[in-house]
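Structure first, commentary second.
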Amino acid sequence: MKYSIGEFASILGITADTLRLYEKHDIVRPEKDCRNNYRYFNDLDARNLLSSRWYRSMQIPLHNVAELINGAPAERVVDSIYAAQLQLEEEIRRSTMLLDKINAIHNGLTGLEAALYTCRIRQMPGMYRIEQTDKNQLLQKEDLKQTVQAWMDLLPFTFYSFRTGDAQSISWGGELDYSWGLALLEEDQQKLGVSINGSMQYIPPYTCISSVILTSYEDYLEHKTFQFMLDYADEQGCTVSGDIFGKILFTERLRDENKTYLEINIPIV
């Protein structure tokens with residue numbers, strides 16, 4: 001029996017546009033009436049269409065489905081389904097990692113108010129970092145562009161961080177030399193399989209005094225920013241050692257003023 005495109009689509013529960021797409025990929029081959037150029041489908045077209053929808057339900061790409069429909073041995077069918085299985089397993093793995101990361105971010109933010117200007121000693125994991133600014137001014141480095149683009153696609157596993165160039169200058173009250181740039185925890189780099197290159201700085205694990213502060217978007221990092229943490233270090237009998245790192249947690253955007261919650265980590269021995 002012959003069916004018009006509207007009838008055929010309605011019977012099979014699909015849209016006419018979907019049917020045209022499958023025709024474009026040679027999955028169905030309607031007969032054309034030379035008198036009016038109408039296309040008519042038959043019952044065997046329905047079988048091919050339903051088989052192709054079965055393959056597509058397993059997220060096999062449509063161009064591969066067309067190859068399976070138009071001629072493929074059983075081994076090819078099995079291999080295509082196995083490839084779809086592996087692809088889905090990888091998507092689930094990445095989605096599970098993303099969920100874990102979102103949970104960690106959420107858990108960290110729920111205790112944010114209590115963490116403001118409160119010092120604690122903690123162990124920081126290793127991380128990789130790229131330098132994108134001199135103070136607040138963006139750097140234009142050709143060798144960074146490819147890495148920056150790749151790391152932007154890794155958000156929220158990557159995060160925006162700062163690094164001081166000389167921790168001792170903070171204790172002395174001198175002008176700070178610092179930079180901003182994207183960072184990635186070493187454990188996430190390993191899980192995501194991110195390749196390392198010469199544009200990335202490696203920061204090994206370290207013990208630090210950690211706290212959260214509020215700062216405006218335009219503020220420069222100054223000695224007074226860290227003073228309460230340096231006082232805490234003295235109280236605990238700790239010595240500041242190495243560069244200071246921090247990261248943007250998030251920015252609260254208000255009508256009159258934007259405030260950024262900034263985590264600060266000062267290495268100690």
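Within the chain, what's the longest stretch lacking trypsin sites (Lys or Arg not before Pro) that sit in DSSP loops with no more than 10 other Cβ atoms inside 10 Å?
With trypsin sites (Lys or Arg not before Pro) excluded where exposed in loops, the chain gives 36-254 as its longest stretch.
For an R0 of 45 angstrom, estimate the FRET efficiency from the Cβ-Cβ distance between ASP231 and SER95 and round to the nearest 0.05.
Given R0 = 45 Å and the Cβ-Cβ separation, E is 0.55.
Taking every pair of distinct Cα atoms and averaging 1/r, then inverting, what Kirkwood hydrodynamic radius in Å comes out for the range 77-123?
One over the average 1/r among Cα pairs gives 13.8 Å for the range 77-123.
Per residue of the chain, what 222 nm ellipticity follows from adding -39500 (n - 2.57) for every DSSP H run with n ≥ 4, rounded to the nearest 500?
-13500 deg cm²/dmol
Using a Cα-Cα cut-off of under 25 Å, which lysines could be cross-linked to LYS101, ignoring same-chain neighbours fewer than 8 residues away?
Correct list for LYS101: LYS191, LYS247, LYS259.
What aspartates and glutamates sit close enough to LYS32 to cross-link, taking a C-alpha to C-alpha distance under 20 Å and skipping anything fewer than 8 places away on the same chain?
Partners within reach: GLU7, ASP17, GLU23, ASP43, ASP45.
Taking the chain as the reference, fit the longest principal axis to its C-alpha atoms, fit the long axis of helix 142-152 to the helix C-alpha atoms, and give the angle between the two in degrees, 0 to 90, nearest 10.
Helix 142-152 sits at roughly 70 degrees to that axis.
Based on the Kirkwood radius over alpha-carbon pairs, what value in µm²/s does the Stokes-Einstein equation return for the translational diffusion coefficient of the range 178-269 at 10 °C and 1.306 mPa s?
Approximately 104 µm²/s, per Stokes-Einstein.
First select every other residue whose beta carbon is under 12 angstrom from the beta carbon of PHE250; then total the charges, Lys and Arg +1, Asp and Glu -1.
Surrounding charge for PHE250 is +1.
How high is the relative contact order of the range 199-269, in percent, with contacts defined as C-alpha pairs under 8 Å that are six or more residues apart?
Contact order relative to length: 45 percent.
Roughly what % of Cα-Cα distances in the chain sit above 35 Å, to the whole percent?
In whole percent, the long-distance tail amounts to 44.
Can you give me the angle between helix 223-235 and the longest principal axis of the chain, using Cα atoms only, in degrees from 0 to 90, rounded to the nearest 10?
70 degrees
Quick one: if the Förster radius is 25 Å, what FRET efficiency do LEU21 and LEU44 give, using the C-beta to C-beta distance and rounding to 0.05?
0.85
Using the alpha-carbon atoms, what tilt in degrees (0 to 90, nearest 10) does helix 74-110 show relative to the longest principal axis of the chain?
30 degrees
Relative to the present Cα-Cα distance, how much length would full extension add between MET124 and GLU7 at 0.36 nm per residue of separation?
35.7 nm is the gain from fully extending MET124 to GLU7.
State the extension gain, in nm to one decimal, for the chain segment bounded by SER241 and ALA83, taking 0.36 nm per residue of separation less the distance between their alpha-carbons.
Gain in length upon complete extension: 51.8 nm.
Since every read-out is calculated from the coordinates, none of them should be taken as a lab result. Just so you know, these numbers come straight off a predicted model, no measurement behind them. Cβ atoms come from the backbone with ideal geometry, glycine included; neighbour counts cover every protein chain shown.
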